[in-house]
Amino acid sequence: MRTLLIGANGQLGQELRQVYADHDLVPVTRADLEITDWKHTEEVLDRNVPDLILNTAAYHRVDECEEFPAKAYEVNALAVRQLAQWARAHGAILVYFSTDYVFDGCLRRPYTEADPPAPLSAYAVSKLAGEYFIRAIHDRHVIIRTCGLYGIAGSSGKGGNFVETMLRLATEGKEIRVVDDQVLTPTSAKELARKVRQLVETGAYGLYHMTNNGACSWYEFAAAIFELSGLTPRLEPTTSAAFGARANRPAYSVLDNANLRSLGLDDLRDWRDALKEYLEERTHMVLSG
Ligand SMILES: NC(=O)c1ccc[n+]([C@@H]2O[C@H](COP(=O)([O-])OP(=O)(O)OC[C@H]3O[C@@H](n4cnc5c(N)ncnc54)[C@H](OP(=O)(O)O)[C@@H]3O)[C@@H](O)[C@H]2O)c1
């Protein structure tokens with residue numbers, strides 16, 4: 001099965017690259033392919049004729065998307081619409097990554113795939129539009145909503161990841177303020193990538209929530225990073241209102257992997273165990289240069 005991986009240099013892309021290393025994999029980076037340039041994208045698709053398209057590309061600087069909603073829509077929705085049209089015409093499976101931010105957080109219990117979305121930001125609207133275009137166009141799709149990703153490569157689109165940002169701030173000796181009124185499930189990109197392959201190989205289509213298990217606030221996430229790393233910086237909780245980010249974010253966006261569970265595949269670990277593994281792997285990489 002020929003697999004085209006779009007966004008191959010990204011945080012999730014690099015993990016998928018390893019997971020699909022034994023496949024007939026065509027990894028494309030942004031330098032090879034700009035997905036908003038449809039003519040070129042079509043050429044790349046026609047040349048490679050993939051059976052499976054894994055699209056990790058996104059414009060996901062959430063606050064910036066408020067300023068540039070058209071760009072968010074171009075990358076996260078319109079380009080995805082074109083991919084779906086090509087996939088339908090050629091019978092390819094299309095995998096798209098979406099976000100916990102499609103929910104407004106008012107439910108205060110883990111969201112299942114059956115819960116109606118209510119996005120609060122331009123980013124979230126654009127990702128949801130991407131989901132809807134795919135669902136409207138092509139049956140052979142897998143839409144995966146995930147949350148709070150961190151991976152060894154760091155999120156290139158966001159300039160790092162939360163874990164790396166916290167570790168860097170800890171070395172600077174300043175007080176670190178992190179919001180404690182947004183609850184999520186931090187998710188290991190490595191574990192997600194393995195699960196993506198497992199799910200795709202079942203031949204199941206549709207919408208799937210896919211995160212590690214458990215929940216915490218960003219503040220608790222930061223505290224766990226420091227505790228597991230043996231660091232003791234000055235960490236203080238703050239509120240979203242005091243933090244004053246441009247885009248609204250859900251106060252609670254924990255996802256229930258209900259559809260994955262129905263396939264017997266929801267064995268993703270508790271977020272703390274996955275974080276511990278990430279920190280150990282990271283230490284090993286630093287020590288081995
Ligand atoms: N990170 C999170 O916390 C999180 C949470 C929920 C959902 N998601 C979703 O998960 C997916 C993967 O996230 P990630 O953290 O792995 O992101 P990432 O590290 O930013 O990777 C995205 C990759 O796509 C490439 N890309 C961006 N715009 C492109 C374009 N117009 N054309 C072609 N390539 C483009 C980027 O290249 P450049 O770096 O060169 O621009 C990058 O290599 C995204 O769909 C995101 O919306 C992420």
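The values are calculated or read from the model by the stated rules, or taken from the named source; none is laboratory data. Keep in mind it's a predicted model, so treat the numbers as computed, not measured. Note that each Cβ is placed from the backbone with ideal geometry, even for glycine, and that neighbours are counted across all protein chains shown. Note: areas computed on protein heavy atoms with side chains; ligands, DNA, RNA excluded. Shrake-Rupley method; radii C 1.70, N 1.55, O 1.52, S 1.80 Å.
Per-structure values
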item	result
Yes/no for ARG249 being open to solvent by 20 Å² or more (accessible area, probe 1.4 Å), part of a helix (DSSP H, G or I), closer than 28 Å to LYS195 by Cα and charged (D, E, K, R)	no
Meets criteria (out of contact with any strand residue (DSSP E or B) (no Cβ under 9 Å at 6 or more places or on another chain), away from the ligand (no atom under 14 Å from the Cβ) and in contact (Cβ under 8 Å) with a residue 12 or more places away in the chain) for ARG140	no
Counted residues, the range 2-32 - those being among the hydrophobic types (A, V, I, L, M, F, W, C), under 21 Å from GLY91 (Cβ atoms) and away from the ligand (no atom under 13 Å from the Cβ)	2
The range 33-56 - residue that is away from the ligand (no atom under 14 Å from the Cβ) and in contact (Cβ under 8 Å) with a residue 40 or more places away in the chain and, of those, surrounded by the fewest Cβ atoms within 10 Å (Cβ to Cβ)	VAL49
Matching entry among SER121, SER126 (being polar (S, T, N, Q), within 10 Å of the ligand (Cβ to nearest atom) and on the phi < 0 side of the Ramachandran plot)	SER126
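Residue-wise test of (1) touching a strand residue (DSSP E or B) at 6+ places or on another chain (Cβ under 9 Å); (2) surrounded by fewer than 18 Cβ atoms within 10 Å (Cβ to Cβ); (3) among the hydroxyl-bearing types (Ser, Thr, Tyr).
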{"site": "ASP22", "(1), (2), (3)": "no, yes, no"}
{"site": "ALA31", "(1), (2), (3)": "no, yes, no"}
{"site": "ALA58", "(1), (2), (3)": "yes, no, no"}
{"site": "TYR73", "(1), (2), (3)": "no, no, yes"}
{"site": "ALA77", "(1), (2), (3)": "no, no, no"}
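Here's the yes/no breakdown for (1) within 25 Å of ASP266 (Cβ to Cβ); (2) without any contact (Cβ under 8 Å) to a residue 12 or more places away in the chain:
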residue	(1), (2)
PRO110	yes, no
PRO116	yes, yes
PRO119	yes, no
ALA124	yes, no
TYR150	yes, no
LEU169	no, no
GLU191	yes, no
VAL196	yes, no
GLU201	yes, yes
